[in-house]
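The structure appears below as structure tokens.
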Amino acid sequence: MGNEKLAVEGGAPAVAKLGTYPAKIGRDELWGIVDMWDFSPGVKEKLRQVIMGDPDVRGPHLFRYYNPKPSRVEAAEAAMGRLIGSKHCLAVNSCTSALVSSLRALGVGAGDEVIVPGYTFFATAATVGACNALPVIVDVDDSLNMDPSSAERAITKRTKAIVPVHMRGAPAQMDAIVDLAKRKGLPVLEDVAQAGGGSFGGKRLGSIGTMGAFSLDYYKIFVSGEGGFVTTDDEWLFTRAQSFHDTAACWRPNRFARERRQGELFCGENYRMTELEGAVALVQIGKADEILTGLRRVKKLIKGGIDKLPGVSFRRITDEAGDTASNLVFFLPNPDVTRKAMEALKAEGVPAGGIYDSTVRDWHVYTFWDHIIQHRSVVSDGLPWSAVPKEELPKYAPDMCPRALDYLGRAILMEINRHWSKADCQAITNGINKVLRAYVK
Ligand SMILES: Cc1ncc(COP(=O)(O)O)c(C=O)c1O
């Protein structure tokens, strides 16, 4: 002891060879994944043979970086970038993460204002607050998306970005919003969570503004359980979003390299997508045409069959060809008739409901965003609300978006299932007409 020749000096290495041991995620865990579904005994047996019986299956990697196998997440990014027509695409683990990464990439922080519509899932506004910035809530129009003139009136010296949302599958008025943003020198971050694959003026949503944020949670058009994407043509914004989503530049072309340009390295979070989600997302993106064609076929059949009654009007679609057709929305004369019609539709077995009822809490309408309206903060520093003098904070009030409340309170919403048959569509249309004829003369 003590006299043995060190390996660095030409001695024999102490560890000549280690054995081959199971991977961290092994066969049992793989089987655990399979076991989540209700496969038939025959299918289960086939899977069991593949997973348990294959001596090469030591376990999946599931981490997108350092993966010895071709990354599914990377393949999904390439497929999504191609589909949307964006030069850069970054996979993340949710649209919430996509929004935060994009806002941070755009430099949004304490004291900045970001314009969002009063009708959207709360995440659009919450992520602005999570970046310590101030959400400025503006009204929608009869398209149920951001009203460009309300957005224009809301611009102040603090405005840092405009975030239109393509709600319920249909595009916002992107020509007017982009025109406004150009005139004011502001970036546009499209929230495409609910409208993956839609377009406006022949361009896919998420490729029209400066950046796009997508969701793949289970309730969206393309799904992977959880997941999201950031799209942009701007290489620098992509670099910054990529840095932010990966604990600030953990993985760059050369991960330990010094900053290539000031603003590349900063404190970030971990929003990485797993290989499991990437694999599902990749297949779903490949089905985009099939999914959109199905939705459009079904929506056309149902919408076309609804009686043209004077008291019934459809939600304005800003670009019919670009509607994903994931939802059908029509307005009735007043909230009272809408409530009655909703009950009657339910009794007829029509899968439709309302959007806004002041007595029923729902995170899609600003009136229920207590966190914002009441200036709530998670820590004692009081951010985001403490970043500007109190009297200069954006004004919030329950009636600040009167058109949103009017349209949403009179709206009937039906989520389209692309698999509905002609007979299903006919039955649904009959149910709708029956109810409308009874309640809307
Ligand atoms: C318009 C909108 N933005 C953002 C989100 C957040 O998406 P995720 O659940 O992927 O974080 C959603 C989800 O419902 C949404 O509808």
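Identify all residues within the range 223-243 that are over 19 Å from ALA161 (Cβ atoms), within 9 Å of the ligand (Cβ to nearest atom) and of a type outside the set (D, E, K, R); write none if there are none.
Hit for the range 223-243 is GLY227, nothing else.
Could you run through the range 210-222 and say how many residues are near the ligand (Cβ under 10 Å from one of its atoms) and part of a strand (DSSP E or B)?
Count: 4.
Just checking, how many residues over the range 223-273 are aromatic (Phe, Trp, Tyr), assigned to a loop (DSSP other than H, G, I, E, B) and either surrounded by fewer than 17 Cβ atoms within 10 Å (Cβ to Cβ) or at pLDDT below 95 (or both)?
3
What about VAL116, is it within 16 Å of the ligand (Cβ to nearest atom), under 15 Å from GLU190 (Cβ atoms) and in a helix (DSSP H, G or I)?
The answer is no for VAL116.
Please specify each residue of the range 119-130 satisfying the condition of being outside any strand (DSSP E or B) and within 10 Å of the ligand (Cβ to nearest atom).
THR120, PHE121, PHE122, ALA123, THR124, ALA125, ALA126, THR127, listed by residue number.
If you check ARG361 against the conditions, is it of a type in the set (Lys, Arg) and part of a loop (DSSP other than H, G, I, E, B)?
Here the answer is yes, as ARG361 does meet what is asked.
Right, TRP31: free of Cβ contacts under 8 Å to residues at least 60 places away in the same chain, in a helix (DSSP H, G or I) and either more than 13 Å from VAL230 (Cα to Cα) or not aromatic (Phe, Trp, Tyr) (or both) or not?
yes
Could you please find all residues in the range 133-153 being part of a loop (DSSP other than H, G, I, E, B) and either surrounded by fewer than 19 Cβ atoms within 10 Å (Cβ to Cβ) or hydroxyl-bearing (Ser, Thr, Tyr) (or both)?
Matches in the range 133-153: ASP142, SER143.
PRO394 is checked against (1) part of a loop (DSSP other than H, G, I, E, B); (2) touching a strand residue (DSSP E or B) at 6+ places or on another chain (Cβ under 9 Å); (3) surrounded by fewer than 15 Cβ atoms within 10 Å (Cβ to Cβ) and fails just one. What number does that condition carry?
(3)
Among (1) away from the ligand (no atom under 15 Å from the Cβ); (2) touching a residue at least 40 places away in the same chain (Cβ under 8 Å); (3) of a type in the set (A, V, I, L, M); (4) under 19 Å from ARG104 (Cα atoms), where does ALA181 come up short?
(2)
Select, from ALA325, ALA344, the only residue that is in contact (Cβ under 8 Å) with a residue 12 or more places away in the chain, outside any helix (DSSP H, G or I), small (Gly, Ala, Ser) and over 30 Å from LEU134 (Cα atoms).
Answer to the check: ALA325.
Working only within the range 94-113, note down all residues that are near the ligand (Cβ under 9 Å from one of its atoms) and of a type in the set (A, V, I, L, M, F, W, C).
Passing the criteria: CYS95, ALA98, LEU99.
Out of curiosity, is TRP385 under 28 Å from SER149 (Cα atoms) and surrounded by 15 or more Cβ atoms within 10 Å (Cβ to Cβ)?
yes
If ASP406 satisfies every condition in (1) within 30 Å of ARG158 (Cβ to Cβ); (2) of a type outside the set (Lys, Arg); (3) assigned to a loop (DSSP other than H, G, I, E, B) but one, which is the exception?
(3)
The values are calculated or read from the model by the stated rules, or taken from the named source; none is laboratory data. Predicted, not measured: the structure shown is a model, and the values here were computed from it. Reconstructed Cβ throughout: ideal geometry from the backbone, glycine too, with neighbour counts over all protein chains shown.
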